[in-house]
Amino acid sequence: MKELLEVMVKNLVANQKEVEIIQTEDDNTITLDLKVAKEDIGKIIGKNGKVIKSIRTIIKAGAFNTKKRVVVEIIE
């Protein structure tokens, strides 16, 4: 999941070197903390949050076979 998120985000932002993803796992949950450059946060969130909602939907669909809940959080 981390690699999929990284590919999607790096194609959206201007500062690809600033993209950092931290993955943590619990029993039933995988948390992906996403950190991007300050000027790229708007590109990731999108108008009315549509881009981040789409990213979360794709990540959840990709994790369907793992039987774990996946949470994508943006860290400022």
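The values are calculated or read from the model by the stated rules, or taken from the named source; none is laboratory data. Note that the coordinates shown come from a computational prediction; the quantities given were computed from them, not determined experimentally. Quick reminder, even Gly has a Cβ in these numbers, built from the backbone with ideal geometry, and neighbours come from all protein chains shown.
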Conditions: (1) at pLDDT 95 or above; (2) surrounded by fewer than 16 Cβ atoms within 10 Å (Cβ to Cβ); (3) assigned to a helix (DSSP H, G or I). Residue 51 meets all but one. Number of the miss? (2)
Members of region 59-70 found to be surrounded by fewer than 15 Cβ atoms within 10 Å (Cβ to Cβ) and either touching a helix residue (DSSP H, G or I) at 6+ places or on another chain (Cβ under 6 Å) or at pLDDT 95 or above (or both), listed by number: 62
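Only one of 24, 31 is assigned to a strand (DSSP E or B) and exposed (fewer than 12 other Cβ atoms within 10 Å of the Cβ); which? Show your work before the answer.
Details: 31 fails: exposed (fewer than 12 other Cβ atoms within 10 Å of the Cβ).
Step by step, each of 24, 31 is checked, and only 24 is assigned to a strand (DSSP E or B) and exposed (fewer than 12 other Cβ atoms within 10 Å of the Cβ).
Scan region 34-48 residue by residue and report those that are aliphatic (A, V, I, L, M) and in a strand (DSSP E or B).
Answer for region 34-48, where residues must be aliphatic (A, V, I, L, M) and in a strand (DSSP E or B): just 34.
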